[in-house]
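Below: one structure, written as structure tokens.
The values are calculated or read from the model by the stated rules, or taken from the named source; none is laboratory data. On a predicted model such as this, the values are computed, not experimentally measured, just so you know. Note that we place each Cβ from the backbone using ideal geometry, even for glycine, and neighbour counts take in every protein chain shown. These area figures cover heavy atoms from the full protein model, side chains too; ligands, DNA and RNA do not enter into them. Shrake-Rupley method; radii C 1.70, N 1.55, O 1.52, S 1.80 Å.
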Amino acid sequence: MDTKDILETLESIGIQTNAAPMGTGKAAEGQELVPDEVFAKETLDIVPNYGKFLGDLPGNHSRGGARLPKVAKVALLGDSGFFAAGSEKTASAFAVAAGGTVPTGEVTITQAKYTLKIDVTDELDTFSAYPEQLKTALQARVAASMSRTIEALIINADAETGATGNVNLNDAAPTAGTYYLNADHGIRELAINNSYTHDCGALDITDFTSIMAVVGDFAEDPAECMWLFNRASYLKAMALSDFADASKRGENSTVGGKAITSVFGSDVYISKDINKTEADGTISTTAGNNVKGQILYVWKPAIQFGFGKDLQVKFFDFGADGYQLHAWFYFGFGIYNKEAGGTDAAVAAGINITL
């Protein structure tokens, strides 16, 4: 699930779904897989790997092959508070005094279906350098697209379909079937719509601690939290003197080639699906309005998720026309948000970063 290549993208997800199938004469849609005197008889894996943070989240309820029901509820038990001061009882008869309670709550995981189809002409299947390896490669790319879709969904899920209000498209109605409409309350939507945000402006090191402050005691153990950057915001952070200057960073500087892999004890991940935004952290349909960076901070155990079954992949034969690959899976997630008596947000967004 960590490999991917040029056979990407389901529009904003992963693999193109235009009406016309892949073929031998279509540049960037199959032609390069047919050997000729110019191209080597190999397919090049040229795009960076997908699958950044999913494997590091502890809230997977499908470990060991377990299948989640369509709707699953994860029970939460809150903090019982402090013990009270006690003393020896000598003045009256023993009796059972009234006790307290422990707050409870739940995170709901509602699964949805995700599908993908790829058409391959019989000519491409016949004249491809390695037709069987092509099928294997397509399956690997489908798995990579699944990984990317899930992570992008956890970040961007917002089921708002109106002409305004979706954090991924704040001034137009999203296209029906877009992946982020298939679930609700992703990290960005929770942070932005509940004001779990910090306005960064010209990014400096104090903005990171201010973002951490939004999640309160969840940042008590930074190792349980993670930072999610897009590339532009990551590059901005790399240029800060606190990272570029080895004497301040306490280790090799970014100028010396050292990547930023953690900030204040929390791991750093870069996602291409955290886009540039407007000042409020939402995305405009007008590309020129999206010039601000964004950084997310998340308490990892807050994300609870699971699968209905493993990724399914089948090939359907259409005779002389070729074949079609069908892939589908069922997935759901929920994010803790102050249930069971909690008062701290589990997600935060640093918005309005000047790039």
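Descending by average beta-carbon neighbour count within 10 Å, the peptides 291-303, 321-333 line up as 291-303, 321-333, the highest first.
Between residue 73 and 109, the built amide H atoms are under 5 Å apart, and every one of these is 5 or more places off in sequence or on another chain. Rolling a 1.4 Å probe over the protein chains gives residue 278 an accessible area of about 50 Å². Largest accessible area first, the listed residues 184, 158 line up as 184, 158 when surface is computed with a 1.4 Å probe on the assembled protein chains. Packing around the peptides 211-219, 225-233, taken as the average count of other Cβ atoms within 10 Å per residue, puts them in this order, highest first: 225-233, 211-219.
Heavy-atom accessible surface of residue 71, to the nearest 10 Å², is about 80 Å², with a 1.4 Å probe and all protein chains retained. Rolling a 1.4 Å probe over the protein heavy atoms of region 160-252, with every protein chain left in place, gives an accessible area that is 48 percent carbon and sulfur. Shape analysis of region 166-223 yields a ratio of the Cα radius of gyration to the Kirkwood radius, Rg/Rh, of 1.08.
For region 130-218, the relative contact order works out to 22 percent when only alpha carbon pairs closer than 8 Å and six or more residues apart are counted. Stokes-Einstein diffusion for region 110-213, with the hydrodynamic radius set to the Kirkwood value over Cα pairs and evaluated at 4 °C in a medium of 1.567 mPa s, equals 76 µm²/s.
For the cross-link pairs 117/276; 236/292; 236/276; 73/117; 70/113, the ones whose C-alpha atoms lie over 21 Å apart are 117/276; 73/117. Mind running the shape call on region 276-355? Use the C-alpha gyration tensor, a ≥ b ≥ c as the square roots of the eigenvalues: rounded below 1.5 for a/c, prolate if a/b tops b/c, oblate otherwise. Oblate, since a/c reaches 1.5 and b/c is not below a/b. Consider all pairwise Cα distances in region 136-267 and report the whole-number % of them above 17 Å. Tail of the P(r) past 17 Å holds 69 percent of the pairs. Residues in region 209-355 average 42 Å² of solvent-accessible surface per residue, probe 1.4 Å, ligands and nucleic acids excluded.
With θ taken as phi - 60° and the Karplus curve 6.51 cos²θ - 1.76 cosθ + 1.60 applied, the whole-hertz 3J(HN,Hα) list for region 278-295 is 7, 4, 8, x, 9, 10, 8, 5, 8, 4, x, 7, 9, 10, 9, x, 8, 10 Hz, x standing for glycine and proline. 3J(HN,Hα) along region 221-227, derived from phi through the Karplus expression 6.51 cos²θ - 1.76 cosθ + 1.60 where θ = phi - 60°, amounts to 10, x, 5, 8, 10, 9, 9 Hz, with x in place of Gly and Pro.
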